[in-house]
Amino acid sequence: MQYIHYSWNRGDSDFERFSPVQSVDIEEDTYSPSEISFDSGNFASDSSEGRIKSPEQWQAHAFNAISLSHATLYQPEKKQCSKRTVTYASRALTDPHFGKGLKAKEIYQAASEDSFISTEIEENMIYLSPSKTPRPPVEDANLSVDSDNLHYQDPKALFTNFTQDERVLNEILYNRPQLLTLVRNLLQIVSDPLKVAEYLQPLERKVKERLEKTQISLPTTPDVAYLIEGKGAFIPGTQREGSHLLDLADEILSTVLLQEEQAFGINLEGTPVYCGSVEAEVSNPFVAAGHLFMDNPLFSRMSLHGPQSHRIMFQAIKEAIKQMDAPLKDLHPKQLLNLLINVHYQWTEFGTTYSKVLWTFLIDTVDDARNALESNLDSDEFALYPENYSYSCRSPFVFSSLLTCFGTQLGLPALHHLLLHAHFKTRSELVNNLLVEAEVPQETLTDEERARIGLALIAAYQCNERGLGDISDDGYPGALDPTQNFNDPRYTTYPKTSALDRIKIHVYD
């Protein structure tokens, strides 16, 4: 069966972004709702007010609410539908626009009122599975190579001055079927949380070994009392009573990652830290030269993006490539960084051609999460319900959410433990900053009051009005301003960069 997806304009340029098998013009008097097929798996059966409860209701809602410009027919891709059932306790946010324009004092006040979140903790069940939205097409026309920045030469040329790594990279770039295979395989992997978790098992083992050397044991009960059903992704609720914060969580994980990276000639000077957003014209060549960065979680919404998300995902991709056929499996991690930055994915939409480097296209985009929500008319309302989330790890926000909230269920308990504690540590620091902005004496607050403020703050970050992937530098209460002098003993200025002093090195005591 073919399914139909609409493209429409509601005045804010919200369009579906799928490549069709066939496109047809639709007039309201040409097709009736009963003649259009829908994927019923995308609809919730919950009867809560504000949700569209069935395909039939969606049909009536669509034809009554919007003027359709055209529709797209496509055949769903045949793929293995893996899924994992998880049960969790949660509280739900009550307002998808909570936090819009709120200042520090207003968030502090909202924490005392507690109206932004439901009072009940409920047991729920979801399926962690690949993204339900069709993956973007990857054809020859979609890929282009930035030959000025790569060892991309005529294959007939003598390779006497090439290293073995450069020969492998050049072979892949010149053999377009191999390049297409690589990108298609990676896109399939990063869209599926269970595949990503599978390829993170070697990292999980190394993290466990590090914990054992540090004489830290994994907890037998969850360190989080409940989860928050956020806007497009889960966020941790509060620490379980009796759980003690592991201050070294981020240091332990970063140490393991750095050891892995340096074994392949990456981050030889130390771990680069982006303190705020760094412009693409600075970041791209920096990464292509063999630098894999973390993000300082105290800036913008990086606490939700996950400071280590890109480094962890790179470990998964590195392991996945090992299992591919030659010469793909021979692609060195340092050359993989080069390829991710200097190969572009291009597509044309409504007469305009767009381009993203593979890094952005594969692992630093919220397209899957946004498309999963924008296919519904009431996307803001739908965003608060986990059955409408996309669990594709192409979004760092979703990837961080999955590891922080469901890492143990994904077979990654050590990563889960460290990332959860690092999140709580960051949240505590953000609360400190918020209280300074709100001019509230910290010593007057109880632990319970601080926990409520932390909930209000993280909910405001999650429900921002700028979009699911916003990491703009200003406007988030409690977050640091990168334009100000940043003096933190954990970081020192990175050598040979001039990116507004926003690239530093993570140093250890």
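The values are calculated or read from the model by the stated rules, or taken from the named source; none is laboratory data. All of these numbers come straight from a predicted model, not from anything done at the bench. Reconstructed Cβ throughout: ideal geometry from the backbone, glycine too, with neighbour counts over all protein chains shown. Remember, those area values only see protein heavy atoms, side chains included, never the ligands or the DNA or RNA. Shrake-Rupley method; radii C 1.70, N 1.55, O 1.52, S 1.80 Å.
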(request) Using a 1.4 angstrom probe on heavy atoms only, work out the carbon and sulfur share of the accessible area of region 210-265 in %. (result) 50 percent
(message) What three numbers, in Å, describe the spread of the alpha carbons of region 344-493 along their principal axes, ordered from the longest?
(response) 57, 38, 34
(message) Can you give the FRET efficiency to the nearest 0.05 for Glu241 and Ser147, using r as the Cβ-Cβ distance and R₀ = 60 Å?
(response) 0.55
(request) With viscosity set to 1.567 mPa s and temperature to 4 °C, compute the Stokes-Einstein D of region 239-339, Rh being the Kirkwood radius across alpha carbon pairs; µm²/s, no decimals. (result) 86 µm²/s
(message) Please list 3J(HN,Hα) in residue order for region 287-295, calculated via the Karplus relation 6.51 cos²θ - 1.76 cosθ + 1.60 where θ = phi - 60°; whole Hz, with x for glycine and proline.
(response) 5, 4, 7, x, 10, 10, 9, 10, 10
(message) Accessible area per residue for region 358-509 in Å², computed with a 1.4 Å probe and the full protein assembly in place, what is it?
(response) 37 Å²
(request) Would you please give the residues with an amide H less than 5 Å from that of Ile235, counting only those at least 5 places away or on a separate chain, with H modeled from the backbone geometry? (result) Ile228, Gly230
(request) State the dimensionless ratio Rg/Rh of region 428-509 (Rg: radius of gyration of Cα atoms; Rh: Kirkwood radius). (result) 1.03
(request) Starting from 0 in steps of 5 Å, tell me what percent of the Cα-Cα pairs of region 323-403 lands in each bin. (result) 3, 13, 15, 17, 18, 15, 10, 6, 3, 0
(message) Suppose the chain between Thr444 and Asp473 were pulled fully straight at 0.36 nm per residue; how much longer would it get relative to their current alpha carbon spacing?
(response) 7.4 nm
(request) May I ask you to derive the relative contact order of region 414-509, considering only C-alpha pairs under 8 Å and at least 6 residues apart, and to give it as an integer percent? (result) 24 percent
(message) For a 28 Å ceiling on Cα separation, which of these pairs sit above it: Lys83/Lys504; Lys208/Lys322; Lys100/Lys425; Lys425/Lys504?
(response) Lys83/Lys504
(request) Could you sort 439-450, 180-191 so that the peptide with the highest average Cβ count within 10 Å comes first and the rest follow in order? (result) 180-191, 439-450
(request) Starting from 0 in steps of 10 Å, tell me what percent of the Cα-Cα pairs of region 271-415 lands in each bin. (result) 10, 33, 37, 18, 2
(message) Solvent-accessible area of Arg370, probe 1.4 Å, all protein chains present, reported in Å² to the nearest ten, please.
(response) 60 Å²
(message) Ignoring ligands, DNA and RNA, please state the percent of accessible area on region 380-509 from carbon and sulfur, probe 1.4 Å.
(response) 49 percent
(message) Give me a comma-separated list of calculated 3J(HN,Hα) values for region 346-355, in order, Karplus coefficients 6.51, -1.76, 1.60 applied at θ = phi - 60°, integers in Hz, x for any Gly or Pro.
(response) 10, 8, 10, 9, 6, x, 10, 9, 10, 8
